[in-house]
Amino acid sequence: MLIDAGDDGKGNKVVVPYLQSLGIKHLDYTVVSHFHSDHMGGMDEVLKVIPATHCMDHGTTSQSTDSYHGSQYSSNPTFLAAVKPEVGIISCGDRNNYGLPEVHALGRLEDTHMQIYQTNPCDNHDGTEIIAEKGIYLDTDGQTYKVTIFRKKLCERRIRI
């Protein structure tokens with residue numbers, strides 16, 4: 001499963017080479033989490049090279065409080081209690097200009113006691129996340145899962161506000 005593919009150009013420059021380096025020639029599922037260019041821009045490039053059996057999109061509906069992922073309104077406690085996640089994967093792009101994930105959103109994830117994996121260390125990380133500078137790979141058979149991280153290092157502990 002591939003969730004999001006970055007901005008235009010990232011599909012060809014980053015995502016496809018990475019998937020090919022893992023030996024992936026076909027995707028069972030592709031998902032566009034929401035219709036922002038930094039999530040869906042490179043998906044067409046990926047699908048031209050690596051076919052997918054199922055393609056799904058989850059366009060978000062804007063409300064009075066924008067629930068953009070990682071914002072202070074995302075991942076609400078009711079949702080997290082219902083899902084009971086074991087693992088959280090946070091992808092922060094290089095030069096993350098959004099300041100996300102927001103510290104309160106990250107705190108809600110930590111309150112569930114899930115294991116959090118994160119790509120680049122964003123400004124708001126507090127040291128409990130496992131940082132995978134080169135990528136995070138989640139493999140599942142539908143019953144079990146395995147998370148593989150590339151170039152793991154632990155962040156130094158910071159106090160959460």
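Rule-based calculations on the coordinates, nothing more; no lab input. For clarity, every value in this text was computed on a predicted model and none was experimentally measured. Cβ atoms come from the backbone with ideal geometry, glycine included; neighbour counts cover every protein chain shown.
Among 43-55, 15-27, what's the highest-first ranking by average C-beta atoms within 10 angstrom per residue?
Top to bottom by mean Cβ count within 10 Å: 43-55, 15-27.
May I ask you to derive the FRET efficiency for His54 and Val103 from their Cβ-Cβ distance with R0 = 35 Å, giving the value to the nearest 0.05?
0.50
Give, in nm to one decimal, the length gained when the segment between Asp7 and Asp139 is fully stretched (0.36 nm per residue of separation minus the Cα-Cα distance).
Extending this stretch completely gives an extra 45.1 nm.
Let me check I have the definition right: for the range 1-60, take the eigenvalues of the Cα gyration tensor, multiply each by 5, take square roots. What are those semi-axes in whole Å, largest first?
17, 13, 8
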